[in-house]
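Undergrad: Handing you a structure now.
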Amino acid sequence: MTQFPDSGPRTGYRDTAEKRWVLVAHFGAVLGLLPALVVLLVKGRAPGTVRTHAAAALNFQLFVSGALVLLSIVRMCGLFLPDITNWFLGVIWVGVWGAGIAFGVVGGIRANEGLLYRYPIRQTVV
C-alpha cells in the first residue's frame, strides 16, 4: 500500500467505536460541518485520535462553509450584474461545495486505512 504525500502517519484505533467516530467526522462532509462539530463536541474532550481527526475535518469544513456563504452573498449582491457573471459565481459555488464533499470522502477513506488525512487547506481554527 502506497502512502500518499497528503497523508499523515498511521494513527491506529483502540476499538471500532473510535474508528466509527473518526469516519463520521470525515464522511459527514456530505452534510456540511455539523457532523464534524458533533463528533468534536461529543468525543473531543479527551486528547487522542478522534479529536485530531474531528478537528481537522471541522477546520476544513469551516473554511468551505465560509467560502460558500461568501460566494452566496456576492452572488445575491450580483443580481444586478450581467447574467454570465452570476452564472460563473454559481459554477464556482458548486465547485467549492463539490470539493468540500470530495475531500471529506478522501479523508474518510484515508482514516479507514488508519491514516491521518491532511486537508489541502489547514487553517487551524479549532
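Undergrad: Given the structure, is Trp87 surrounded by fewer than 18 Cβ atoms within 10 Å (Cβ to Cβ), assigned to a helix (DSSP H, G or I), in contact with a Lys or Arg (Cβ under 9 Å, 6 or more places away or on another chain) and not acidic (Asp, Glu)?
TA: No; evaluated as a whole, the condition is false for this residue.
Undergrad: Let me ask something else about it. Can you list residue pairs whose Cβ atoms sit under 6 Å apart, with the first residue in the range 100-117 being β-branched (Val, Ile, Thr) and the second being part of a helix (DSSP H, G or I)? Count only pairs 6 or more apart in sequence or on different chains.
TA: Short answer, once both residue conditions are applied: Ile101/Ala29; Ile101/Val30.
Undergrad: Please verify whether Leu81 is modelled with pLDDT of 95 or more and more than 16 Å from the chain's Cα centre (by Cα), treating the condition exactly as stated. Give the steps one after another, and end with the answer.
TA: On the way: modelled with pLDDT of 95 or more: no; more than 16 Å from the chain's Cα centre (by Cα): yes.
Considered against the rule, which asks whether it is modelled with pLDDT of 95 or more and more than 16 Å from the chain's Cα centre (by Cα), Leu81 comes out as no.
Undergrad: Still on this structure: Would you say Ala55 is among the small types (Gly, Ala, Ser), under 13 Å from the mean Cα position of the chain (by Cα) and either assigned to a loop (DSSP other than H, G, I, E, B) or under 22 Å from Gln123 (Cβ atoms) (or both)?
TA: yes
Undergrad: OK, next. Considering only the range 50-72, state which residues are surrounded by fewer than 20 Cβ atoms within 10 Å (Cβ to Cβ) and either under 19 Å from Asp15 (Cβ atoms) or touching a strand residue (DSSP E or B) at 6+ places or on another chain (Cβ under 9 Å) (or both).
TA: Within the range 50-72, Arg51, Thr52 qualify.
Conditions tested, residue by residue: (1) of a type outside the set (D, E, K, R); (2) under 24 Å from Leu116 (Cα atoms).
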{"site": "Leu41", "(1), (2)": "yes, yes"}
{"site": "Ala55", "(1), (2)": "yes, yes"}
{"site": "Leu68", "(1), (2)": "yes, no"}
{"site": "Leu71", "(1), (2)": "yes, no"}
{"site": "Asp83", "(1), (2)": "no, no"}
{"site": "Trp87", "(1), (2)": "yes, no"}
{"site": "Gly90", "(1), (2)": "yes, no"}
{"site": "Trp93", "(1), (2)": "yes, no"}
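Undergrad: Kindly indicate whether Arg75 is surrounded by 17 or more Cβ atoms within 10 Å (Cβ to Cβ), out of contact with any Pro (no Cβ under 6 Å at 6 or more places or on another chain), at pLDDT below 90 and part of a helix (DSSP H, G or I).
TA: Yes.
Undergrad: What's the number of the condition His26 fails, among (1) farther than 26 Å from Ile92 by Cα; (2) surrounded by 24 or more Cβ atoms within 10 Å (Cβ to Cβ)?
TA: His26 satisfies every listed condition except (1).
The values are calculated or read from the model by the stated rules, or taken from the named source; none is laboratory data. Just so it is clear, the model here is predicted, and its values are computed rather than measured. All Cβ positions, glycine included, derive from the backbone under ideal geometry; neighbour counts span all protein chains shown.
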